């Protein structure tokens, strides 16, 4: 988005914007959870409870209005769930992801049974500008978390890359197995802000401070020209870039991250102030008949000329039974 910040955001910046960070004794909705409640679980950091201003007046319409939200403290994974971590889950449980299962013929009446094979959506970048982003995606039989680009590809050399091609229900199954859960959208944004007040990105307001890359994103004209200037053309190993103020890595770029909430574009107009958990049901006016879950953080396919999904307030959505080439997740754990 290139529109200037609204008067509201300027005022918020002048007055301090929020109380993001440790809660105060005067706010009983939060409780005394500023300090970690003990030693951190392996691979997790404490995100203290507090109040913050959620959303953006200069973003997309579904990021409005900016509103104060109070969240409780949680433990959060320091990085996205990796291929190695997901593989341990699959080996322990025998779990089969959505992308590895044949589609149910009842969901595709009239379809040729021969076409109902396991697979997932993979980016097929063209060598030119396109009229629609739908032109750059292809359903590839055999594409799944073990074979990100389809048959013949492998994660053997990518154990520390974020797992992809996981549907929401796959991510939820992993989280339950690990004794964790997916973060709410409010918890995710609070954590992504990393103690900064109303900043555009997890590290501040400049996309490339000191001319250095702080995330894995598309550099060039999307979708046909990626210079790889940040060192990666696809996913990057987790922790490849500096962490934010809470010690979290890749809260911008690399892969989109599933959240627990159902998606609605008007969520912020009806959301409760304390510990919001999202709407009871989904509605996406672009596809009214398809329920959607929220995704956050952007991916390596986001660019300045395209989605800018790596902004901390940016929202995305997808059907929970869909795994994608650039979507993963991280978990939280209640104290």
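Restricting attention to region 194-221, the residues that are in contact (Cβ under 8 Å) with a residue 24 or more places away in the chain, out of contact with any helix residue (DSSP H, G or I) (no Cβ under 9 Å at 6 or more places or on another chain) and either assigned to a loop (DSSP other than H, G, I, E, B) or over 29 Å from residue 123 (Cα atoms) (or both) total 13.
Matching residues to (1) under 26 Å from residue 278 (Cβ atoms); (2) in contact with a helix residue (DSSP H, G or I) (Cβ under 9 Å, 6 or more places away or on another chain); (3) crowded, with 19+ Cβ neighbours inside 10 Å; (4) modelled with pLDDT of 95 or more:
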{"site": "33", "(1), (2), (3), (4)": "yes, no, yes, no"}
{"site": "38", "(1), (2), (3), (4)": "no, no, no, no"}
{"site": "63", "(1), (2), (3), (4)": "yes, yes, yes, yes"}
{"site": "84", "(1), (2), (3), (4)": "no, no, no, yes"}
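Evaluate the following for residue 262: is it crowded, with 20+ Cβ neighbours inside 10 Å and without any contact (Cβ under 8 Å) to a residue 40 or more places away in the chain? It is true that residue 262 is crowded, with 20+ Cβ neighbours inside 10 Å and without any contact (Cβ under 8 Å) to a residue 40 or more places away in the chain.
In region 106-135, the residue that is farthest from residue 301 (Cα to Cα) out of those that are loosely packed, with under 12 Cβ neighbours inside 10 Å and touching a helix residue (DSSP H, G or I) at 6+ places or on another chain (Cβ under 9 Å) is 113. Might you check whether a residue that is touching a helix residue (DSSP H, G or I) at 6+ places or on another chain (Cβ under 8 Å), part of a loop (DSSP other than H, G, I, E, B) and at pLDDT below 95 occurs anywhere in region 294-303? No - not one qualifying residue is present in region 294-303. Return yes or no: is residue 184 touching a strand residue (DSSP E or B) at 6+ places or on another chain (Cβ under 6 Å) and within 17 Å of residue 296 (Cα to Cα)? Yes, satisfied.
The values are calculated or read from the model by the stated rules, or taken from the named source; none is laboratory data. If you're wondering where the values come from, they're calculated on a predicted model, not measured in any experiment. A quick note on method: Cβ atoms are made from the backbone with ideal geometry, for glycine too, and the neighbour counts reach across all protein chains shown.
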